[in-house]
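The values are calculated or read from the model by the stated rules, or taken from the named source; none is laboratory data. Just so it is clear, the structure is predicted and the values come from calculations on it, not from any experiment. Reconstructed Cβ throughout: ideal geometry from the backbone, glycine too, with neighbour counts over all protein chains shown. Just so you know, the surface numbers come from the protein's heavy atoms only, side chains and all, with ligands and any DNA or RNA stripped out. Shrake-Rupley method; radii C 1.70, N 1.55, O 1.52, S 1.80 Å.
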Amino acid sequence: MRDLTRPLQECLTALDHKRNLQQVLRRHPADRDELIALLRLSVDLGTLGPPPAEPGFRLRARNRMLAAAADRRRSRRRNPLTFLPRPAARLALTGALALAVTLGAVMAAAASGNSLPGDPFYGVKLGLERAQLTVTLDSAARARLQVQFTDIRLGEAQRLIAAGRVRDGVRQIDRYDTAVAQINGTLAGTRLDDRAVAELSRFMDDREAYADASLKALAGSLAAGGDSESAAAVTRSRSHVDQSWQGSKRQLQARGTASPSGDDKAKPAGEQP
């Protein structure tokens, strides 16, 4: 236990001579809380009445206060940050909390990658997708990213059905259908050059073919298992998804023809159109 005799004596002297007690406490920042507690105990002792005349009263009171301080130190848990000054301790604690939050967020993001609708981290997964779309400023890259996310919805539906959660899987196919239809609206507000249009068209053709084959296989599997109702629902979604893909590709071609083409470039003076 740290010897508080000297700083306590300075505090008592400051009180006796009506000096600035705060100045004394500032000289002992590590013992400030303990000294304040001892001084409060001193005040409590004073309320018992005037001290006896013998000179040893003050010594006995001081020893009693020091014993109380020792009991408090033994009873409380040791704080690993007590060796630091207060501002440094607060900074270290803040840094530790920030690191814990960051690690928690990274772990949650990693855990959400394979989550399915109904899983605890599925909301985190959707939030990360929205964040990616928000920070992607290039129109072509954002459209491509949106198409990739529709693939994820379709994959989730396949996994749900494979796990026996057929109703959840059919509902997820409806969400996939909605996501494909939203691509059309996204493309309507973008301006793309001919190269971006050509690359996106090839990518969308590939994803459309994959989706059509996947939905056809799902409907056939459900029908073979005797679930004709779910099979019919998947077949209807397949037809609507095909229409949505065709609409999105027409919108994409319109975005390309809306930009100036090579035939619209200025011709040399005197040349007739």
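Here are the numbers for this structure:
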{"read-out": "Test: residue in the stretch 221-234 that is within 17 Å of residue 162 (Cβ to Cβ), in contact (Cβ under 8 Å) with a residue 40 or more places away in the chain and within 35 Å of the chain's Cα centre (by Cα)", "value": "yes"}
{"read-out": "Every residue from the stretch 152-188 that is open to solvent by 40 Å² or more (accessible area, probe 1.4 Å) and farther than 18 Å from residue 130 by Cα", "value": "158, 159, 162, 163, 164, 165, 167, 168, 171, 174, 188"}
{"read-out": "Residue that is farthest from residue 252 (Cα to Cα), among those in the stretch 204-222 that are surrounded by 15 or more Cβ atoms within 10 Å (Cβ to Cβ) and of a type in the set (A, V, I, L, M, F, W, C)", "value": "222"}
{"read-out": "Pick from the stretch 238-257, criterion hydroxyl-bearing (Ser, Thr, Tyr) and at pLDDT below 90, ranking: most open to solvent (accessible area, probe 1.4 Å)", "value": "257"}
{"read-out": "Odd one out for residue 267 among (1) open to solvent by less than 20 Å² (accessible area, probe 1.4 Å); (2) modelled with pLDDT under 90", "value": "(1)"}
{"read-out": "Which listed residue is in contact (Cβ under 8 Å) with a residue 40 or more places away in the chain and either under 17 Å from residue 248 (Cα atoms) or touching a strand residue (DSSP E or B) at 6+ places or on another chain (Cβ under 6 Å) (or both), from 187, 145, 160", "value": "187"}
